[in-house]
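Peer 1: The structure follows.
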Amino acid sequence: MVQRRRLLDFLPHLILLIGVAVVAFPVYVAFIASTWDAATISNGSMPLRPGPHFAENYYRTIFIGTSSSTREPVGTMMLNSLIMALTIAIGKIAISLISAFAVVYFRFPFRMTAFWIIFVTLMLPVEVRIFPTYKIVADLKLLDTFAGLTIPLIASATATLLFRQFFMTVPDELVEASKIDGAGPMKFFVDTLLPLSITSVAAMFVIQFIYGWNQYLWPLLITTKDNMQTIVIAIKKMIVTQDALTEWQLAMATAILAMLPPVFVVVVMQRLFVKGLVETEK
Amino acid sequence: MSDVRLQSVRKVYAGGVEAVKGVSLEIADGQFCVLVGPSGCGKSTLLRMVAGLETISGGTCSIGDREVNEIEPADRDIAMVFQNYALYPHMSVYDNMAYGLRNRGTPKDEIDRRVREAARILEVEPFLERKPRALSGGQRQRVAMGRAIVRKPKVFLFDEPLSNLDAKLRIQMRVEIKKLQRALGTTSIYVTHDQLEAMTLADQLVVMNKGQVEQAGAPITLYERPMTIFVAGFIGAPPMNLLDLPASGLPGLSLASPVSGPVTLGVRPEHLELSTEGGALAVEVQVTAVEAVGAESYIYGALGGQGPEIIVRIPGRDLPAIGASLRAIARSENLHFFSRETGIRLN
Ligand SMILES: Nc1ncnc2c1ncn2[C@@H]1O[C@H](COP(=O)(O)OP(=O)(O)OP(=O)(O)O)[C@@H](O)[C@H]1O
Ligand SMILES: [Mg+2]
């Protein structure tokens with residue numbers, strides 16, 4: 001029995017370890033590559049231990065950039081990506097909270113119609129409506145601006161649905177107690193609903209921040225100026241078709257840098273995130 | 001003055017359900033009014049209309065000398081205690097009680113004074129900094145009461161406030177609510193399912209049925225002189241024996257002064273006593289079941305051997321054998337006669 005137990009304990013761990021290795025090994029290789037010089041990498045015999053060029057490579061990546069392909073330090077791109085991801089995440093959450101609040105707590109004409117229209121946009125992600133959306137953004141002269149970069153990505157049915165589901169589980173009596181306690185709708189929203197939603201908001205923030213950070217197609221279309229590039233685009237641009245011209249050590253450093261903010265967000269928000277997915281403060 | 005007056009108040013829900021069909025009630029200043037009735041009879045709806053949580057479809061509701069039909073709940077000067085307490089989960093006990101006062105712009109030191117006073121009265125002082133989830137059901141109940149009393153409202157509204165508590169705590173809180181209400185002298189409307197709560201708390205007991213008031217009055221009046229068959233059957237536990245008397249009479253039942261017409265006779269189990277003497281009413285029953293509940297026992301029997309069931313309460317635990325034939329009598333002042341067509345009291 002004990003033997004069997006051991007085996008049963010061991011097997012899942014083995015599977016998990018293999019999974020971790022599969023995920024972590026490429027990241028490790030990328031990190032190693034970012035610490036050697038271009039020559040070592042391109043002659044095909046890069047060792048699996050950190051090299052001597054860590055500081056130099058990261059300094060060049062962040063403050064100078066590649067010499068030809070991106071023409072802009074990665075620091076600027078990270079800032080661009082950060083602004084974009086934060087704006088998208090915060091914007092989506094703000095809009096979704098308010099629209100879910102309206103749909104759940106107010107009886108206005110065509111309420112369900114409004115809800116279904118929001119719902120249907122689930123079927124229309126940016127990729128599907130990319131041409132008309134691009135046209136609108138271009139006509140509004142929002143190309144190469146953060147507004148153009150973020151606003152079309154902010155409208156979000158997913159978050160609205162999530163918050164709607166959450167709001168529907170909040171007991172009606174809390175609204176009624178608030179009414180009797182002299183709190184108007186906005187006061188109820190701010191004083192009661194928001195504090196109760198905080199874990200869902202955190203979960204949403206993690207998901208949407210990563211969604212925003214990883215955007216590729218839309219920034220590619222909207223940004224033309226070098227100083228508006230985002231880091232995800234930069235990685236792609238750095239890898240030039242003639243392999244020899246790629247400054248692999250910088251591309252890898254950029255990849256590592258691109259991973260850091262999402263990792264940071266997940267680690268910081270992890271506790272709230274998990275709480276938001278499994279329980280609610282009620 | 002903070003009396004509550006309802007004049008032919010009606011409620012029609014969207015979808016056409018008429019939940020309250022013209023209720024008129026007067027609840028005097030400081031009076032404790034209890035609403036009882038079967039599930040779905042419109043008690044909560046009526047209470048919520050007084051609170052302003054439901055719109056009033058017809059008639060008027062006044063609190064004090066002000067008609068409140070169109071007034072927001074916050075401005076009606078009422079406080080409500082909900083069945084599930086509805087405490088704000090993210091606020092401390094102190095904030096839960098202070099919230100309503102803060103929204104009204106009460107000065108800070110006044111809020112503090114009132115909250116601490118309420119906490120003292122309700123014995124929740126040790127928990128002021130805790131969140132509701134860290135309290136037991138009874139403590140939450142007290143906090144909910146505290147939230148109501150700090151506001152010093154004109155009217156307290158309770159919707160089955162004790163139904164989530166266990167039996168012992170329920171009795172304890174019932175006594176406390178009554179004491180508190182007496183001490184504060186605040187007009188109260190209280191909805192309950194519990195007979196005992198209704199009888200013990202009420203100055204005015206209102207029995208509702210199908211959206212209408214069947215009878216309103218002092219609890220003892222409703223017990224002694226129920227005006228309809230419904231009230232007769234609803235008030236009292238175990239329920240009153242109700243027997244439909246055909247013109248020919250029932251086998252095993254004899255009345256000293258016979259009645260005519262289609263009549264329903266009512267007599268409470270506690271008003272029947274085992275005796276061989278004559279009485280205004282005498283029934284012969286064959287015992288089908290017995291229940292000993294401690295100081296008293298209930299005998300279930302079939303009238304005349306196979307007629308309708310009759311319950312007799314006897315003191316003590318001296319139980320007859322199943323199948324035995326017994327004779328029970330009742331005095332004339334304990335007999336209730338109702339018209340079988342209209343359900344209205346005849347005597
Ligand atoms: N929002 C609503 N829309 C439509 N009908 C409703 C609504 N609320 C209640 N009703 C109906 O109104 C009637 C009275 O409901 P109410 O809640 O007042 O009953 P109650 O006497 O409080 O019952 P209980 O003792 O079970 O709480 C019921 O038939 C119910 O189905
Ligand atoms: Mg109810």
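The values are calculated or read from the model by the stated rules, or taken from the named source; none is laboratory data. Only a predicted model underlies this, so the values are computations on that prediction, with no experimental measurement involved. Reconstructed Cβ throughout: ideal geometry from the backbone, glycine too, with neighbour counts over all protein chains shown. In case anyone asks, the SASA skips ligands and DNA or RNA and just uses the protein heavy atoms, side chains included. Shrake-Rupley method; radii C 1.70, N 1.55, O 1.52, S 1.80 Å.
Peer 1: What figure, in Å² to the nearest 10, do you get for the accessible area of A:K236 with a 1.4 Å probe and non-protein molecules left out?
Peer 2: Near enough 120 Å² of accessible area.
Peer 1: Hey, got the average number of other protein chain Cβ atoms within 10 angstrom for residues in B:100-107?
Peer 2: Average per residue, whole number: 3.
Peer 1: At a 1.4 Å probe, what is the % contribution of carbon and sulfur to the accessible area of the protein assembly as shown?
Peer 2: Here it works out to 62 percent.
Peer 1: Let me ask something additional. So who's got an amide H within less than 5 Å of the one on B:N209, skipping anything under 5 residues away but keeping other chains? H placed 1.01 Å off N, in plane.
Peer 2: Result for B:N209 returns B:E214.
Peer 1: Another one. What fraction of the DSSP beta bridges in chain B is antiparallel, stated in percent and rounded to the nearest 5?
Peer 2: Within chain B, antiparallel bridges account for around 75 percent of the total.
Peer 1: B:G59's amide H: which non-local residues (gap 5+, or another chain) put their own amide H closer than 5 Å, with H modeled 1.01 Å from N in plane and none for Pro or chain starts?
Peer 2: Amide H neighbours of B:G59, under 5 Å, 5+ apart: B:R10.
Peer 1: Take the residue pairs A:K92/A:K237; A:K92/A:K236; B:K21/B:K43; A:K275/B:K131 and return only those whose Cα atoms are more than 23 Å apart.
Peer 2: A:K92/A:K237; A:K92/A:K236
Peer 1: Okay, next question. Could you tell me how far the Cα centroid of region B:1-70 sits from the Cα centroid of region B:241-313, in Å?
Peer 2: 39 Å
Peer 1: Calculate the mean, over all residues of peptide A:183-194, of how many other protein chain Cβ atoms lie within 10 angstrom of the residue's Cβ.
Peer 2: Average neighbour count from other chains, rounded to a whole number: 2.
Peer 1: Sort B:253-262, B:185-194, B:2-11 by the packing proxy (mean of other Cβ within 10 Å over each peptide's residues), most packed first.
Peer 2: Top of the packing list down: B:185-194, B:2-11, B:253-262.
Peer 1: Quote the charge dipole size of chain B about the Cα centre in Debye, to the nearest 20; the model charges only the Cβ of Lys and Arg (+1) and of Asp and Glu (-1).
Peer 2: 980 debye
Peer 1: Report the one residue of A:W248, B:G278, B:S62 whose Cα lies farthest in the direction of the positive end of the charge dipole of the protein assembly as shown (charges on C-beta: Lys and Arg +1, Asp and Glu -1; origin at the Cα centre).
Peer 2: Towards the positive end, the residue furthest out is A:W248.
Peer 1: Per DSSP H run of n ≥ 4, the term is -39500 (n - 2.57); total these for the protein assembly as shown, divide by its residue number, and report the mean residue ellipticity at 222 nm rounded to 500 deg cm²/dmol.
Peer 2: Calculated from helices alone, the mean residue ellipticity at 222 nm is -14000 deg cm²/dmol.
Peer 1: Can you pull the mean other chain C-beta count within 10 Å for peptide B:91-99?
Peer 2: Going residue by residue through B:91-99 and averaging, the value is 2.
Peer 1: Moving to a separate point now. Taking the convex hull of the Cα atoms, report for region B:239-339 its projected area averaged over all directions, in nm².
Peer 2: Reported value for the Cα convex hull: 6.0 nm².
Peer 1: Give me the net charge of A:P73's neighbourhood, meaning all other residues with Cβ under 15 Å from the Cβ of A:P73; Lys, Arg count +1, Asp, Glu -1.
Peer 2: Charge balance in the 15 Å sphere: 0.
Peer 1: Ignoring ligands, DNA and RNA, how do A:L16, A:L161, A:L272, B:L201 rank by accessible area with a 1.4 Å probe, largest first?
Peer 2: Descending order: A:L16, A:L272, A:L161, B:L201.
Peer 1: List the relative contact order of region B:4-229 as a percent without decimals, with contacts defined as Cα pairs under 8 Å and 6+ residues apart.
Peer 2: 29 percent
Peer 1: Order the peptides A:215-225, B:315-325, A:197-207 from the highest to the lowest mean number of other Cβ atoms within 10 Å of their residues.
Peer 2: Per-residue Cβ counts within 10 Å, averaged per peptide and sorted highest first, yield A:197-207, A:215-225, B:315-325.
Peer 1: Right, next: Give me the percent of Cα-Cα pairs in region A:10-165 that sit more than 20 Å apart, rounded to a whole number.
Peer 2: Tail fraction, whole percent: 70.
Peer 1: Still on this model: For region A:66-278, report the translational diffusion coefficient in µm²/s to the nearest whole number, using Stokes-Einstein at 10 °C, 1.306 mPa s, and a Kirkwood Rh over Cα pairs.
Peer 2: In µm²/s, the coefficient rounds to 83.
Peer 1: With +1 on each Lys and Arg Cβ and -1 on each Asp and Glu Cβ, and nothing else charged, work out how big the dipole of region B:249-347 is about its Cα centre, in Debye to the nearest 20.
Peer 2: The dipole of region B:249-347 has a size of about 160 debye.
Peer 1: Rounded to whole Hz and in sequence order, give me ³J(HN,Hα) for region B:178-190 from the Karplus expression 6.51 cos²θ - 1.76 cosθ + 1.60, θ = phi - 60°, writing x for Gly and Pro.
Peer 2: Calculated HN-Hα couplings, in order: 4, 4, 4, 5, 4, 5, 7, x, 8, 4, 9, 10, 9 Hz.
Peer 1: Which GluC sites (Glu not before Pro) from region B:280-347 combine a DSSP loop assignment with at most 16 other Cβ atoms within 10 Å?
Peer 2: Qualifying residues, ordered by number: B:E341.
Peer 1: Nearest 20 debye, what's the magnitude of the dipole of the protein assembly as shown about its Cα centre given +1 on Lys and Arg Cβ and -1 on Asp and Glu Cβ?
Peer 2: 1220 debye
Peer 1: Before we go on, tell me the buried accessible area for the A/B pair, both chains summed, 1.4 Å probe, in Å² to the nearest 100.
Peer 2: Using a 1.4 Å probe, the pair buries roughly 1800 Å².
Peer 1: Of B:G40, B:A98, B:L201, whose Cα points farthest to the positive end of the dipole of region B:4-229 (charges on the beta-carbon: +1 Lys, Arg; -1 Asp, Glu; origin at the Cα centre)?
Peer 2: Value computed over the given set: B:A98.
Peer 1: Output the residues of region B:63-87 meeting this criterion: accessible area (heavy atoms, 1.4 Å probe) in the chain alone minus accessible area with all protein chains in place is 40 Å² or greater.
Peer 2: Checking the loss per residue gives B:F82, B:N84.
Peer 1: Calculate one ³J(HN,Hα) per residue across region A:192-201 by plugging θ = phi - 60° into the Karplus curve 6.51 cos²θ - 1.76 cosθ + 1.60, and present them in order as whole Hz with x for glycine and proline.
Peer 2: Each residue's phi maps through the Karplus curve to give 10, 5, 4, x, 6, 8, 4, 6, 5, 4 Hz.
Peer 1: Please compute one quarter of the surface area of the Cα convex hull for region A:16-100 and express it in square nanometres.
Peer 2: Computed as one quarter of the Cα hull surface, the answer is 9.1 nm².
Peer 1: Roll a 1.4 Å probe over the protein chains and send me the accessible area per residue for chain B in Å².
Peer 2: Accessible surface, normalised per residue, equals 44 Å².
Peer 1: Tell me which lysines have Cα within less than 19 Å of A:K135's Cα, excluding those fewer than 8 residues away on the same chain?
Peer 2: A:K225
Peer 1: Put +1 on the Cβ of each Lys and Arg and -1 on the Cβ of each Asp and Glu in the protein assembly as shown; which of A:A24, B:P251, A:G182 then has its Cα farthest toward the positive end of the dipole?
Peer 2: Farthest along the dipole direction, towards plus: A:A24.
Peer 1: I'd like the distance separating the alpha-carbon centroids of region B:85-127 and region A:174-246, in whole Å.
Peer 2: Taking the Cα centre of region A:174-246 as reference, the centre of region B:85-127 is 38 Å away.
Peer 1: For region B:191-215 and region A:97-121, what is the centre-to-centre distance using only Cα atoms, to the nearest Å?
Peer 2: Region B:191-215 and region A:97-121 have Cα centres spaced 41 Å from each other.
Peer 1: For A:L140 paired with B:T60, estimate the spin-label separation in nm (one decimal), with each label point 7 Å from Cα along the Cα-to-Cβ line.
Peer 2: It is 5.4 nm.
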